[in-house]
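Visitor: Right, I'll just put the structure down here and ask away after.
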Amino acid sequence: MPESSGKNNILIVGAGGRMGAALARHYRQDHQVTALRRTDLDVTKVDTLRPTLAPLEFDTLIYTAGLTNVDQCEDQPEEARLCNAETPKILAQICAEKGARLIHISTDYVFDGRKNLALTETEPPNPLSVYGKTKLAGETAVLKVSPHFLVIRVSWLFGPDRPSFPDMILKNALAQDHVAAIADKVSCPTYSEDLASWIEPMLSDNRYCGLLHLSNSGSTNWQAYGQATLDIAAELGLPLKATKVDALYRADFPIFKAERPEFTAFDTSKYTKLSSIVPRNWQDALRDYLQKQYQSSARFFIAVSSIVAI
């Protein structure tokens, strides 16, 4: 069943994912939160949306669900359309009918990544994949219902609720002598804990509307992102087998079904102008995450090593 735990009455659809879980955990401290997972609401079954949401009271609905596996979207375009485009449209209609606010989470994949420039909200989208096209359709549908709703584009999300790239590269480096990551794809890592704190004032502030780009400051590629992860892990004392991340290139992966955009770093100056907040850089956010997530593990490894040495 949905979890309920305020101030703002918030409904989160997609609370089983990395971002939805972070928002639910963060907002439950000060707000009334109803968190729906896939077991509570299957967003591919659009005919169940109104019956499920009709009896619920909420001031703000945050939609974080969707089909996000880029290659799976190529194989299942209809499911992608339902999750990423049709459901956001219906949720927007429901919110408009209830007089509620909608915050819809989207992606950097709405861009083709062919410009090596930080992307503003006014940059024309040109998605390359089914995933990107359906996410763009969802954005368009939401803002057609009301331009006062908010669509937040995020990129390269990491955080404690589900494993992401830093966790995977670290897992491999603890077990293998060699690790590698793609060096010719650039974007902005985004810490889910930071994202939750940035979004909180937007729950009831209608100045935040239309399109908004949000990420930690600075851009990087997967290889450098992985190397930063291992460097921090080494400082924490984790017993890495691999300490260097080798370079791979997208051309090395012809098995990918969906084309990926090459450069999707965000310009977040619109957010800074509205909030007077400059997002901290991704390296500091990554260090914060790894310390919180792995510091105790590092202490354990160090303690065990000391015992073995004795």
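Visitor: Just one of Thr134, Thr140 is in a helix (DSSP H, G or I), touching a Gly at 6+ places or on another chain (Cβ under 9 Å), polar (S, T, N, Q) and more than 16 Å from Gly17 (Cβ to Cβ); which is it?
Guide: Thr134
Visitor: Let me ask you something else. Pull out all pairs, ordered by first then second residue, where Cβ-Cβ is under 9 Å, the residues are six or more apart or on different chains, the first lies in the range 273-285 and is closer than 13 Å to Ser215 by Cβ and of a type in the set (D, E, K, R), and the second is at pLDDT 95 or above and assigned to a helix (DSSP H, G or I).
Guide: Once the first residue is closer than 13 Å to Ser215 by Cβ and of a type in the set (D, E, K, R) and sits in the range 273-285, its partners that are at pLDDT 95 or above and assigned to a helix (DSSP H, G or I) give Arg280/Asp194; Arg280/Asp288.
Visitor: Here is a follow-up. Condition test on Ala96, is it modelled with pLDDT of 95 or more and buried (at least 24 other Cβ atoms within 10 Å of the Cβ)?
Guide: Against the criterion (modelled with pLDDT of 95 or more and buried (at least 24 other Cβ atoms within 10 Å of the Cβ)), Ala96 does not qualify.
Visitor: If we keep just the residues of the range 133-149 that are among the hydrophobic types (A, V, I, L, M, F, W, C) and closer than 20 Å to Arg81 by Cα, which is surrounded by the most Cβ atoms within 10 Å (Cβ to Cβ)?
Guide: Step by step, filter the range 133-149, then rank; the result is Val142.
Visitor: I've got another one for you. Give Thr134, Thr140, Thr190 a once-over and let me know the one that is in contact with a Phe, Trp or Tyr (Cβ under 7 Å, 6 or more places away or on another chain) and at pLDDT 95 or above.
Guide: Unique residue meeting the criteria: Thr190.
Visitor: Could I ask something else about it? Considering (1) small (Gly, Ala, Ser); (2) out of contact with any helix residue (DSSP H, G or I) (no Cβ under 8 Å at 6 or more places or on another chain); (3) surrounded by fewer than 20 Cβ atoms within 10 Å (Cβ to Cβ), say which one Gly17 fails and leave the rest.
Guide: (3)
Visitor: I would also like to ask the following. Filter the range 235-254 for residues that are exposed (fewer than 13 other Cβ atoms within 10 Å of the Cβ) and either of a type in the set (Lys, Arg) or out of contact with any helix residue (DSSP H, G or I) (no Cβ under 9 Å at 6 or more places or on another chain) (or both) and give the result.
Guide: Lys241, Tyr249, Ala251, Asp252, Phe253, Pro254
Visitor: Something else now. Looking only at the range 117-127, how many residues end up being buried (at least 16 other Cβ atoms within 10 Å of the Cβ) and either among the aromatic types (Phe, Trp, Tyr) or under 19 Å from the mean Cα position of the chain (by Cα) (or both)?
Guide: The number of residues fulfilling the criteria is 5.
The values are calculated or read from the model by the stated rules, or taken from the named source; none is laboratory data. Predicted model, so just to flag it, every value in this text is computed and none were measured. Glycine gets a Cβ as well: all are built from the backbone with ideal geometry, and neighbour counts include every protein chain shown.
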